[in-house]
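The values are calculated or read from the model by the stated rules, or taken from the named source; none is laboratory data. These figures come from a predicted structure and were not determined experimentally. So basically every Cβ, Gly included, is an ideal-geometry build from the backbone, and we count neighbours across all protein chains shown.
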Amino acid sequence: MIDFKYLAQKYDTPLYVYDFNHFTQQYNALKNAFKARKSIIAYAVKANSNLSVIRHFANLGSGADCVSIGEVKRALLAGVDKYKIIFSGVGKRDDEIKEAIQKDILMINVESEAELKRVDAIAKELGKVARISIRVNPNIDPKTHPYISTGLHENKFGVDIETAKGMYIFAKKSENLNPVGIHFHIGSQLTELEPIREASEIVANLVRSLKAINVDIKFFDIGGGLGIKYKDEELIKPYDYAQAILSTLSGLDVTIICEPGRFMVGNGGWFLTKVLYEKVNGDKRFVIVDGAMNDLIRPSLYNAYHKIEVLNDNKEISKANIVGPICESGDFFAKDIDVPKTNPGDLIVIHSAGAYGFTMASNYNTRPRAAEVAIEDGNDRLIRRRETFEDLIACEVDYLV
Ligand code: LLP
């Protein structure tokens, strides 16, 4: 059991707390599920980019799925093997492509014909060969929240099968491109297996037809997306997930790459915040806390559910909204939930906050971002200090002219 009260006292609030032992368990569960094949678990850095978190996964043998050169640099700094780093994203700048080629990472995941030509030209300028994969959009509905669904043609991600084929032929002919991989990712917080299996089958068939034209794909990247339990979701089991993918790959000698983010860290993170005041407006009760949408934006942005626990023994319970101090009505963590009567200083624990919590935080309202703490084998340590006002204004120049 994690002693949240002790941590809140020691590090103050708002605070992110991560259980590194949980992270290990999740990594191992997925890695073991794929043990019948060569595989790389490439942790999706965007879910939680703290260097100590990436380092933890690197030590377990994890690779990194990155979507900016900044994330690539984080992964390298944290000790991820460069041959386990993938760089994805629909809009890479020339300087990002250049640096990725120079850093000799496993592959750049290309998302359009135009980008392929840029990678080709930049590799040529550098006199290097860029290893690439192509992100295929299999046009599959993953049945998740529309904002985090990515595998339909109406989404901006990847290219359709026919375009992909043409791109592989182009890459094969180029002296500066080495097409080693193929990639798909249909969405996040997936709880249904069939769309994943279908997508994998479509992409595996493409690999077979590429083989016939001498394009030899070595890395089969299935993206991320495995869902976690926020409330009462029925989850896909890692073993079933792996079996569904493997069932589509018969006859293909490929290394599987999987890019989980949320699955690895989501339920190993909590956001701690303290009650400042209670108030009643008309018949609405509000519990006002010191954390806000700038710290954890998922409820505001996606109307996402996060379990909320109030750490007091009060038996007097009624409906309330849990809200932050930011000047927006959208600044809430939950609406109309049963909450015991609180006193200033009572601690509130927001669950499932390890993924897309801190990484989506901002300084809106000139609020310093929260501190982050790791718990491992019963010990706690600070892995990011709380920001100060000076940190927030550090980049602003010439304001007294
Ligand atoms: N690979 C690619 C290409 C991705 O686009 C993503 C997530 C992942 C892997 C990792 O997906 P995961 O395993 O974490 O589901 N901010 C949203 C989630 C956005 C996900 C974007 N892409 C949220 O808070 O729910």
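Determine the pairs where a residue that is over 17 Å from Tyr302 (Cβ atoms), located within the stretch 322-336, has a partner that is hydroxyl-bearing (Ser, Thr, Tyr) and surrounded by fewer than 18 Cβ atoms within 10 Å (Cβ to Cβ) with Cβ atoms under 6 Å apart, the partner being 6 or more residues away or on another chain.
So the pair list comes out empty.
I'm trying to understand the selection: among the residues of the stretch 92-138, which are touching a helix residue (DSSP H, G or I) at 6+ places or on another chain (Cβ under 8 Å) and modelled with pLDDT under 95?
The answer is Pro138, and nothing else.
Each row is one residue, and each column tells you yes or no for (1) over 27 Å from Ala114 (Cβ atoms); (2) hydrophobic (A, V, I, L, M, F, W, C); (3) assigned by TED's automatic domain parsing to the domain that holds Glu115.
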{"site": "Phe184", "(1), (2), (3)": "no, yes, yes"}
{"site": "Gly187", "(1), (2), (3)": "no, no, yes"}
{"site": "Leu190", "(1), (2), (3)": "yes, yes, yes"}
{"site": "Lys211", "(1), (2), (3)": "no, no, yes"}
{"site": "Asn214", "(1), (2), (3)": "no, no, yes"}
{"site": "Gly224", "(1), (2), (3)": "no, no, yes"}
{"site": "Glu234", "(1), (2), (3)": "yes, no, yes"}
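Condition check ((1) within 24 Å of Tyr364 (Cα to Cα); (2) surrounded by 22 or more Cβ atoms within 10 Å (Cβ to Cβ); (3) of a type in the set (Gly, Ala, Ser); (4) in contact with a His (Cβ under 6 Å, 6 or more places away or on another chain)) across all residues:
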{"residue": "Lys218", "(1), (2), (3), (4)": "no, no, no, no"}
{"residue": "Asp221", "(1), (2), (3), (4)": "no, yes, no, yes"}
{"residue": "Leu226", "(1), (2), (3), (4)": "no, yes, no, no"}
{"residue": "Lys229", "(1), (2), (3), (4)": "no, no, no, no"}
{"residue": "Leu235", "(1), (2), (3), (4)": "no, no, no, no"}
{"residue": "Ala244", "(1), (2), (3), (4)": "no, no, yes, no"}
{"residue": "Gly268", "(1), (2), (3), (4)": "no, yes, yes, yes"}
{"residue": "Asp290", "(1), (2), (3), (4)": "yes, no, no, no"}
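Among the residues of the stretch 274-301 satisfying the criterion of being in a loop (DSSP other than H, G, I, E, B) and under 28 Å from Lys10 (Cβ atoms), which is nearest to the ligand (Cβ to nearest atom)?
Within the stretch 274-301, the match that is nearest to the ligand (Cβ to nearest atom) is Ile297.
Considering only the stretch 329-387, how many residues are more than 22 Å from Leu276 (Cα to Cα), surrounded by 15 or more Cβ atoms within 10 Å (Cβ to Cβ) and among the polar types (S, T, N, Q)?
So the answer is 2.
What strands (runs of 3 or more DSSP E) completely inside the stretch 302-401 contain at least 1 residues that are among the charged types (D, E, K, R)?
308-311, 317-323, 332-340, 371-376, 379-384
Just the residues that are charged (D, E, K, R) and either closer than 20 Å to Lys143 by Cβ or within 15 Å of the ligand (Cβ to nearest atom) (or both), please, taken from the stretch 217-259.
Asp221, Lys229, Lys231, Asp232, Glu233, Glu234, Lys237, Asp240, Glu259
Can you work out which of the residues in the stretch 181-216 that are more than 16 Å from the ligand (Cβ to nearest atom) and of a type in the set (Gly, Ala, Ser) is nearest to Gln243 (Cα to Cα)?
My answer is Ala204.
Sort out which residues of the stretch 13-46 are away from the ligand (no atom under 15 Å from the Cβ), in contact with a strand residue (DSSP E or B) (Cβ under 7 Å, 6 or more places away or on another chain) and farther than 14 Å from Gly61 by Cβ, and write them in order of number.
Listed by number, the residues that qualify are Thr13, Pro14, Leu15, Val17, Tyr18, Asp19, Phe20, Asn21, Arg37.
Tally time: how many residues in the stretch 19-57 are of a type in the set (Gly, Ala, Ser) and under 21 Å from Arg74 (Cβ atoms)?
5
Do we find that Lys35 is without any contact (Cβ under 8 Å) to a residue 12 or more places away in the chain and either over 13 Å from the mean Cα position of the chain (by Cα) or not assigned by TED's automatic domain parsing to the domain that holds Val254 (or both) in this structure?
yes
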